1. Could you compute Rg(Cα) / (2.2 N^0.38 Å) for region 272-402, with N its residue count?
2. So what does the Cα-only Debye profile of region 187-230 read at q = 0.14, 0.24, 0.32, 0.33 Å⁻¹, as log10 I(q)/I(0), no solvent term?
3. Using θ = phi - 60° and the Karplus relation 6.51 cos²θ - 1.76 cosθ + 1.60, list the HN-Hα couplings for region 431-446 in order, rounded to whole Hz, with x at every Gly or Pro.
4. Straight-line reach from Lys239: which lysines have Cα under 26 Å away, leaving out those fewer than 8 places along the same chain?
5. How many angstrom lie between the Cα centre of region 164-180 and the Cα centre of region 1-46?
6. Which percentage, to the nearest 5, of the DSSP beta bridges contained in the chain is antiparallel?
7. Taking the Cβ of each residue in Thr42, Thr431 as the centre, tally the other Cβ atoms inside 10 Å and list the residues starting with the fewest.
8. Give the dimensionless ratio obtained when the Cα radius of gyration of region 151-260 is divided by 2.2 N^0.38 Å.
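Where a number appears in this text, it was derived from the coordinates with a stated rule and is not lab data. Please read these numbers as outputs of a predicted model, since none were measured by experiment. Because the Cβ atoms are built from the backbone with ideal geometry, glycine has one as well, and the counts that use them run over all protein chains shown.
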Amino acid sequence: MSDYDFDLFVIGAGSGGVRAARIAAAHGARVGICESSRVGGTCVIRGCVPKKLLSYAAHFAEEFEDAAGFGWTVTDARFSWPDLIAAKDREIDRLNEVYLQLLSNSGVKLYSCEGRFVDSHRVQLGDATISAGKILIAAGGRPWVPDIPGIELAITSDEAFHLDALPERVVVVGGGYIACEFAGIFNGLGSHVTQVYRGPQLLRGFDADVRACVGHEMLKKGVGILFDTKVTAISRAGKALGVQLDNGDSLQVDCVMFATGRVPNSARLNLAAAGIEARANGSIAVDDYSRTSQQHIFAVGDITNRINLTPVAIHEGHRFADSEFGGHERPIDHAFVPSAVFTQPQVGTVGYSEEDARVHFGELDVYRSEFRPMKHTLSGRDERTMMKLIVERASQKVVGIHIVGVDAPEIVQGFAVAVKSGLSKEEFDATIGIHPTAAEELVTMRVPVQ
């Protein structure tokens, strides 16, 4: 029997921490975990799950309009923000209970409080202190906002899920995926949306064709986008908010939401007491096995700032537990991780952008197709789908797929297996498509555009 209270203690009960705790317990470890908020973490409680539920809701306005092209008459369609939020809350409550039950069924002891290091083997939990042979940091991240006058009047994505009413006029600050998703959500539900971004094009880091297509489609749907612009101050203007811009203009709105990035949740962990030094941005450096500079302390998920996606955190947590408690050496594999942006229209992507692929591989064959989705031949909606294949010319391996359009994430999830497996363009071409579908375009593109 170990001299420690636990074989493993996990700080943070989000998706990565819960997966690591459960798998370690299944391998026979004595496991404890702490969480100062609700079990489930950012994704389940205030991130991707409630966001996608709101994204579903935002699509219905267009669905009602499109129905007319198929012979339907939809009358008296009304939207209730309070009803949507209440339904969302019920689902989040259900998922929170599922996570609590998963921990309980696994024999993991939950502490509903914040955890702070006392030293490299001890963690303070309120008035108590526990010890563990190994410690996993899975504390996640939080929204970052700039220090400008009136910033306390703004909200972030955390608060957006709990607004009492749908704001009539919204400024969304930022150009990343969270900003673009919420701009689409508010716009689809009926708000007048202005998106303010300091850069020249949305979705920095994505393929250039994806960035251009998403921006163009968002503009067509009525989102106002101010590029190369910053918010410098926010003030009260009666019942409204005044938003001052760095170009001298100002806006009057009912809600200002900042989606200007996220930072690791490391400030309150007292890492120095454990002999761990955080980077300048608050993240924790780890090796391929998620090990920190202390051999018995590990970190997974957003706090490591590797690839900040929920499935990646789960993957990291599972591999950590197998490596440390299951007798299997399982280093982290971050190659060809698919991702999605639930904008309107949606984005699905896996592998290299064209720009990164040229740096990494050199000469490429690039296949691209843009078309009107079959559904909109009858609906009449002016919306385009864009699909793109990036192929390394020398090996003819497909090293990137990028889609903007309806169900893009669902399509890319399946094709990600092919890209991860290193399939060639010839093998794509040899695959017979399903007709009529949008996805068949990925196996029927024959002539490179460059």
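1. Normalised by 2.2 N^0.38 Å, the Cα Rg of region 272-402 equals 1.43.
2. Per q value, in the given order, log10 I(q)/I(0) is -0.32, -0.86, -1.15, -1.17.
3. For region 431-446, the Karplus-derived couplings read 8, 7, x, 9, 10, x, 9, 6, 5, 4, 4, 5, 10, 10, 6, 10 Hz, x marking Gly and Pro.
4. In chain and number order, the partners are Lys230.
5. First find each Cα centre; the distance between them is then 33 Å.
6. 60
7. Thr431, Thr42
8. Normalised by 2.2 N^0.38 Å, the Cα Rg of region 151-260 equals 1.00.
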